[in-house]
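Participant: First the structure, then my questions, so here it is.
The values are calculated or read from the model by the stated rules, or taken from the named source; none is laboratory data. Worth saying up front: this structure is predicted, and the values here are computed from it rather than measured. Glycine also receives a Cβ, built like all others from the backbone with ideal geometry; neighbour counts cover every protein chain displayed.
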């Protein structure tokens, strides 16, 4: 499937989900909920949260690239992360891929090694998110989300098994030995306890700010949610928002919010907040992207060169 067809399909799925959600929530009720919300509070917390997320994310990227590849100044990491916000407006499917491509063309870093670094980063994210979900469910004991604990527990167990297999030499099956010695497992095998602690700590803080964001955001719409309930449910919402089935989680995120937050808020308030999230995030991230706009030319050149090389490879006999 080519990129245009994939994008069109994602939009169709997103619009279909949103249309389905509006079958149970009247449009005028959602508009009324938005008008009655404290939008000043929502915008303020969006700007503050996006700025802190930006600093934490770029710092983690600088640490990981420096640790597993070559020194990367934090300023360069901030530039790449900020400019990826602009690229995401045009093509949300690129994500960290834009950074990996840029590292190859601007610093001659092998793409597989960069991919290995970001796979380790993703493993940390998955571990932190599942751990937070289990912690929140155990503390709250909410029966309506208790089934999620089993899923989160299975995922967490799978992550630990994967880490153990990659970082040890057992079992010594040929295909596992090939996987362990491959480039993509390089970062996981080289990581020290310090690496796990530093990056894991940064990501715990990163996702904890999401909990605060949803707490304040729902409060702006007149709903008060328990903190530990948010600890349990926010990871679910974040996972649903990154599924590559809709553009930037449009539709899937709002559906997850309705499922999780219904015990504490009206459907109209939840949906209004959910639809305003991507709008406020885009507005809040724009100043960060504009600050590093002078570097955009280099990033676009890297992406263009990668596309040309890919097309040339496809035309070779």
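For every residue, the table says whether it meets (1) more than 20 Å from residue 281 (Cα to Cα); (2) touching a helix residue (DSSP H, G or I) at 6+ places or on another chain (Cβ under 7 Å).
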site	(1), (2)
12	yes, no
21	yes, yes
26	yes, no
34	no, yes
47	no, yes
62	yes, yes
65	yes, yes
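Participant: Where in the range 114-205 are there helices (runs of 4 or more DSSP H), lying wholly inside it, with at least 2 residues that are over 20 Å from residue 71 (Cα atoms)?
Facilitator: Numbers: elements: 146-167, 174-181, 186-190.
Those helices (runs of 4 or more DSSP H) span 146-167, 174-181.
Participant: The conditions are (1) part of a helix (DSSP H, G or I); (2) more than 30 Å from residue 107 (Cβ to Cβ), and residue 23 fails exactly one of them. Which is it?
Facilitator: Condition not satisfied by residue 23: (1).
Participant: Sticking with this structure for a sec: Quick check on this structure: which one of 62, 33, 98 is more than 23 Å from the chain's Cα centre (by Cα), buried (at least 20 other Cβ atoms within 10 Å of the Cβ) and part of a helix (DSSP H, G or I)?
Facilitator: On the way: 62 fails: more than 23 Å from the chain's Cα centre (by Cα); 98 fails: more than 23 Å from the chain's Cα centre (by Cα).
Among 62, 33, 98, only 33 is more than 23 Å from the chain's Cα centre (by Cα), buried (at least 20 other Cβ atoms within 10 Å of the Cβ) and part of a helix (DSSP H, G or I).
Participant: Are any of the residues in the range 290-303 assigned to a helix (DSSP H, G or I), in contact with a helix residue (DSSP H, G or I) (Cβ under 9 Å, 6 or more places away or on another chain) and at pLDDT 90 or above?
Facilitator: No: zero hits.
Participant: Hey, can you tell me all the residues within the range 212-241 that are free of Cβ contacts under 8 Å to residues at least 60 places away in the same chain and assigned to a helix (DSSP H, G or I)? Don't jump to the end; show me each part of the working.
Facilitator: Narrowing the range 212-241 to residues free of Cβ contacts under 8 Å to residues at least 60 places away in the same chain: 214-215, 218, 223-225, 227, 237, 240-241.
Scanning the range 212-241 gives 214, 215, 218, 227, 237, 240, 241.
Participant: For the structure I just gave you, tell me whether residue 72 is touching a helix residue (DSSP H, G or I) at 6+ places or on another chain (Cβ under 7 Å), closer than 30 Å to residue 199 by Cα and not in a helix (DSSP H, G or I). Reasoning before the result, please.
Facilitator: On the way: touching a helix residue (DSSP H, G or I) at 6+ places or on another chain (Cβ under 7 Å): yes; closer than 30 Å to residue 199 by Cα: yes; not in a helix (DSSP H, G or I): yes.
For residue 72, the condition - touching a helix residue (DSSP H, G or I) at 6+ places or on another chain (Cβ under 7 Å), closer than 30 Å to residue 199 by Cα and not in a helix (DSSP H, G or I) - is met.
Residue by residue, here is whether (1) modelled with pLDDT under 95; (2) touching a helix residue (DSSP H, G or I) at 6+ places or on another chain (Cβ under 6 Å); (3) more than 20 Å from residue 271 (Cβ to Cβ) holds:
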| position | (1), (2), (3) |
| --- | --- |
| 199 | no, yes, yes |
| 202 | no, yes, yes |
| 206 | no, yes, yes |
| 210 | no, yes, no |
| 214 | no, yes, no |
| 228 | yes, yes, yes |
| 241 | yes, yes, no |
| 246 | yes, yes, no |
| 250 | yes, yes, no |
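Participant: Taking the stated definitions as given, is residue 180 more than 21 Å from residue 259 (Cα to Cα), over 19 Å from the mean Cα position of the chain (by Cα) and either surrounded by fewer than 16 Cβ atoms within 10 Å (Cβ to Cβ) or in contact (Cβ under 8 Å) with a residue 40 or more places away in the chain (or both)? Can you show your working first?
Facilitator: Working: more than 21 Å from residue 259 (Cα to Cα): yes; over 19 Å from the mean Cα position of the chain (by Cα): yes; either surrounded by fewer than 16 Cβ atoms within 10 Å (Cβ to Cβ) or in contact (Cβ under 8 Å) with a residue 40 or more places away in the chain (or both): no.
Answer is no for this residue.
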